[in-house]
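Take a look at the structure set out below.
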Amino acid sequence: MNKRIQLLSIIFLGVSSVAFSQIKEEKLILNKKREPEVKKIEKKKTSVETIKNYPPEEKSQNPVQYNITDVPAVSDFKTSTIQGADVTPKFEGSAQNNYIQFGMGNFGKILGDANISKTLENKIEVGVDAHFLSTQGLKKEYDWDSKQSSTTLGAFLNSYGDKGKFNLNAEYGLNSYNYYGIYALTPSNDVDLDQRVNQFKVNGYYDFYSNEILNDVRVKSSFLKDHFDAQENQASVLANFSKHGVEIGKSGISLNADLGVGLETVKTEFSIRDKNSSNFFNTSLSPKVTFRKGDSYLKLGSQFAFLNGKNQNDLMAEQMKNNKTYWFPEAEFQVAAAEEFKFYGGVDGGLKLNTYSDLLQQNPFIVSDQYLRPTETKYHFYVGLRGDIDETFKYDVSAGYGKMRDIMFFKANDLFDTNFTLNRSAYNFANTFSAVYDDGNVGDIKGSLQYFPLANLVLDGEVKFTKFDLKNYENIYNVSLVTATIGAKYTMLDQKLLLGFKGIFASDRTTNSFIIQGVGSPMFYQSTENTNDKVGGYADLNLSAEYKIHKNFSIFALGNNLLSSKYQTYQGYKVLGAQILGGVKITF
């Protein structure tokens with residue numbers, strides 16, 4: 001019977017591998033474990049693992065690098081399109097911190113990767129993490145330069161004491177690329193389209209083993225500068241205070257009390273075009289109480305935000321100031337009829353500061369001059385059902401509806417001047433985007449699942465439907481109505497061969513675009529805007545394989561966008577075609 005299941009599983013992987021693949025900046029979660037805890041479905045690689053009441057000695061034997069530091073425990077491949085995404089599963093249980101790997105592929109891809117750490121006698125772990133990836137881009141698609149490279153260098157320190165654990169991380173990143181998405185003009189092949197973004201981060205995290213009074217403290221800071229002299233400095237501090245496990249009489253109900261206190265400041269200055277600048281300081285308080293009995297619970301709380309904001313640019317006669325206090329509801333309940341069926345629902349909201357750094361992560365092709373304002377989720381109601389069936393099948397299905405102010409999305413820019421010349425700045429070919437904002441309502445339906453048919457086979461999938469109803473814009477730009485991902489990880493040959501699959505699907509996206517032509521005498525450029533253009537959906541497929549020839553030596557191969565889908569991330573920005581990359585990995 002097991003052989004039949006194993007055969008069917010292999011067939012499933014083969015059939016699935018001709019269907020989908022990945023383009024987003026999301027991490028592939030393929031190392032799920034057989035744990036009867038549904039929230040594992042939602043846990044991303046960027047989340048912070050919090051383990052309480054854990055003996056320090058055991059922690060020193062199994063150290064955790066907190067991803068709040070933005071340095072992964074295992075350095076990631078960046079693959080697929082020019083932006084790239086990690087689609088590589090990792091071996092469980094046998095991973096070693098110290099390794100170096102190197103790979104090469106078509107489109108001039110070069111990959112270098114290293115992670116080295118050392119645990120000292122005083123239970124302090126120190127290490128470095130380095131990553132490099134470059135590609136020559138789409139030479140056959142564009143006469144001008146579309147190459148890109150990214151470099152990340154980091155150092156980290158982990159300490160495990162008697163009362164808690166401490167992490168400190170410093171990281172420098174350089175992303176060098178081109179504004180190559182020119183669709184309305186035809187410049188010469190020597191046009192300068194260069195953009196470079198430098199960012200330095202320092203982050204710290206301290207977590208107490210107990211939940212008594214001070215739970216944990218997190219500090220994050222970032223310093224950014226780009227090729228056009230944009231500068232952004234940001235820092236935040238978050239402290240969580242708590243008192244957990246207070247028994248209420250003999251009812252079997254326990255009480256948890258929590259209070260989050262946060263401070264966040266962001267200062268951004270741009271040096272071109274309108275020379276926008278902004279300065280935000282936000283203080284937040286998040287009190288809540290949770291009543292729990294078994295797997296059922298009721299959480300009641302609020303979130304308060306006190307925002308001080310200033311905006312200025314060359315078009316404003318005077319500085320715009322915003323001093324405002326916000327209140328957001330926070331409540332959630334779960335009724336656990338059984339381990340297989342847990343009904344939940346609630347309401348939440350919040351204030352998000354939109355920073356230049358965050359915008360670049362979503363769309364690196366934005367112009368280096370943005371008007372920044374926070375996005376407010378006034379409320380978001382949701383209901384759902386989740387469960388774990390025999391520790392073999394986990395699912396989570398939910399639907400929500402919310403009201404938001406200043407929803408941020410990206411609008412394509414026109415030419416910034418109408419002069420009839422191609423001697424232009426890198427961002428002045430109708431090839432960049434700007435953040436725009438609108439109020440509106442949002443409805444969402446999402447579902448995720450994990451399936452463990454065999455001990456060495458994990459299948460997972462996720463689908464999300466999101467619909468925006470905006471006040472001023474007819475359509476939200478560059479946002480898909482439906483997105484979906486599927487993934488699989490299969491180990492065989494006595495854990496020596498690891499096969500991975502990742503696929504992603506997205507429906508059509510609406511965008512604006514421009515038709516530009518020369519008119520008049522003397523000649524000048526005239527543009528016509530289409531506010532209902534389409535950037536097609538996509539199905540993109542990725543496969544990976546790693547084989548351990550020796551415990552300290554393995555070879556790997558990655559295949560990205562294997563269907564060679566001719567889609568675009570944003571208007572004008574075509575992705576790489578089918579890509580194959582191979583290399584070696586040495587662990588020690």
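Report, by residue number, each residue of the stretch 562-588 that is among the charged types (D, E, K, R) and surrounded by 17 or more Cβ atoms within 10 Å (Cβ to Cβ). Passing the criteria: K574, K585.
Within the stretch 315-323, not a single residue is in contact with an Asp or Glu (Cβ under 8 Å, 6 or more places away or on another chain) and either in a strand (DSSP E or B) or at pLDDT 95 or above (or both).
Of the residues making up the stretch 248-260, those that are exposed (fewer than 13 other Cβ atoms within 10 Å of the Cβ) and either β-branched (V, I, T) or modelled with pLDDT of 90 or more (or both) number 1. Within the stretch 325-363, the only residue that satisfies the criterion of being closer than 16 Å to Y437 by Cβ, part of a strand (DSSP E or B) and free of Cβ contacts under 8 Å to residues at least 60 places away in the same chain is K352. Test D414 against the criterion of being outside any strand (DSSP E or B), charged (D, E, K, R), at negative phi and at pLDDT 95 or above, and give yes or no. Criteria met by D414.
Against the conditions (1) touching a residue at least 24 places away in the same chain (Cβ under 8 Å); (2) over 28 Å from the mean Cα position of the chain (by Cα); (3) more than 30 Å from N322 (Cβ to Cβ), D274 satisfies every one except (3). Screening M316 on (1) under 30 Å from S398 (Cα atoms); (2) exposed (fewer than 13 other Cβ atoms within 10 Å of the Cβ) shows it passes everything except condition (1).
Selection of the stretch 506-553 for residues being of a type in the set (V, I, T) and either more than 26 Å from G583 (Cα to Cα) or surrounded by 18 or more Cβ atoms within 10 Å (Cβ to Cβ) (or both) yields T510, T511, I515, I516, V519, T528, T531, V535.
Taken together, the residues in the stretch 552-584 that are within 16 Å of Q495 (Cα to Cα) and either without any contact (Cβ under 8 Å) to a residue 40 or more places away in the chain or in contact with a Phe, Trp or Tyr (Cβ under 7 Å, 6 or more places away or on another chain) (or both) amount to 4. Looking across the stretch 275-313, the residues that are in a loop (DSSP other than H, G, I, E, B) and at pLDDT 95 or above come down to K275, N276. Mind listing just one residue for me: the one in the stretch 229-262 that is small (G, A, S) and outside any strand (DSSP E or B) and, of those, farthest from the chain's Cα centre (by Cα)? This residue is G249.
Remark: S176 matches the filter, which requires a residue to be free of Cβ contacts under 8 Å to residues at least 60 places away in the same chain, assigned to a strand (DSSP E or B), within 30 Å of R424 (Cα to Cα) and not acidic (D, E). All told, D390 meets the bar of being surrounded by fewer than 18 Cβ atoms within 10 Å (Cβ to Cβ) and on the phi > 0 side of the Ramachandran plot. Scanning the stretch 215-248 for residues that are within 20 Å of L300 (Cα to Cα) and either in contact (Cβ under 8 Å) with a residue 60 or more places away in the chain or not charged (D, E, K, R) (or both) yields a count of 9.
Being at pLDDT 95 or above, more than 20 Å from the chain's Cα centre (by Cα) and of a type outside the set (G, A, S) is a description that does not apply to N423. Say whether the condition of being under 26 Å from A484 (Cβ atoms) and in contact with a helix residue (DSSP H, G or I) (Cβ under 8 Å, 6 or more places away or on another chain) is met by at least one residue in the stretch 542-551. Checked the stretch 542-551: no residue is under 26 Å from A484 (Cβ atoms) and in contact with a helix residue (DSSP H, G or I) (Cβ under 8 Å, 6 or more places away or on another chain).
Residues in the stretch 192-228 that are at pLDDT 95 or above and part of a loop (DSSP other than H, G, I, E, B): D192, L193, H227, F228.
The values are calculated or read from the model by the stated rules, or taken from the named source; none is laboratory data. It should be emphasised that the depicted structure is a prediction, and the values quoted were computed from it without experimental measurement. Note that we place each Cβ from the backbone using ideal geometry, even for glycine, and neighbour counts take in every protein chain shown.
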